[in-house]
Amino acid sequence: MTKLVINNRSGMKLDSLMNSLNEFYPYSQEKLGFDKEASFSFISDPENGEKVLGKTAYYDPSEYSVTIYVDKRHPKDIMRSISHELVHHAQNCRGDLSNLSVAGEQGYAQKDSHLREMEREAYEKGNMIFRDWEDGVKAGNNNADTIYERVVKNWGYGILKESDTEYQRTVKSKHSTMKTRINKTGANKTKAAPFDKGSSSERAKSAPPSAGAALEEMEKLPL
C-alpha cells in the first residue's frame, strides 16, 4: 500500500487520529477489497459543529476522497465515520455508485431504493469492521480476526485430524453436539411458544428450545 494522502485542514492537532487512520485503513481495505486508494481531508466548520444534526463526513465518488468534520467530536466517533465512508469507497470501486443523480441530496436514502441499500451496507459493515479492528487493537493484535473467522480458519466443520489439539477437539465436539440437538428438537424449524420458566406443566417441560436458546448455549463454546 502506498502512503495515505491525509490533509489536515482543520487547524487542529490530530496526530493520534491520523496515526489511527493509517493503522485502520489497510485493515478496512483487506475486509472490503477495494482496489483504488482513497484520500482523506479533515476540516473544521464550527457552525456545523454546533448543530445537533450537523454533517459528520461525506464521500466524493469522482475524487475517491473522504472528507471528515472534526469539530467537538470524540476521535472514536470520527473513526466510525471514516469506516462508514470507506464502505462507500468500496461501493464506488466496484461500480455501484456510478450514474446516481440524487446522491447527496437531502433524503436520498429514502427516495432511491438502490442508495438506501448502499447506506444500509455502509452502516452495517462500517460499524462492524471498525468494532472488529478496535477489539483487535485492545487485544494487542491489529489484525485480529472476528470470532466467526477464527472458527472457520482454525477449526471449520470438517473431520477431526490426528494433529488436532485437545482444544480443537472440544470445540468441534461441542459444535457437533449442538448441531445434533438443534436438528433433533426442530429448534431451527419451529419457534417454541413462550412459557413461564417456573411452570411445572408438561408443555413447559417438553417444549423444544428456541433458536435464541440454542444460540445462547453456542456462546458458551471456548472461543
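Extension gain for MET18-LYS3 works out to 4.2 nm (0.36 nm per residue, less the C-alpha to C-alpha distance).
Once you have the Cα-Cα distance between ASP96 and TYR58, take 0.36 nm times their residue separation minus that, and quote the gain in nm to one decimal. All intermediate terms of the calculation are to be shown ahead of the outcome.
Details: separation 38, 0.36 × 38 = 13.68 nm, distance 1.63 nm.
Value of the extension gain: 12.0 nm.
Averaging the sequence gap over all C-alpha pairs within less than 8 Å and six or more residues apart, then dividing by the number of residues, gives region 1-95 a relative contact order of 30 percent.
Accessible area per residue of region 1-81 at 1.4 Å probe, in Å²? Numbers along the way, then the final one.
Details: 4820 Å² over 81 residues.
Dividing the accessible area of region 1-81 by its residue count gives 60 Å².
The values are calculated or read from the model by the stated rules, or taken from the named source; none is laboratory data. What you see is a predicted model; the values in this text were computed from it and never measured. The protein model used for the area step is the full one, side chains on, heavy atoms only, and it has no ligands, DNA or RNA in it. Shrake-Rupley method; radii C 1.70, N 1.55, O 1.52, S 1.80 Å.
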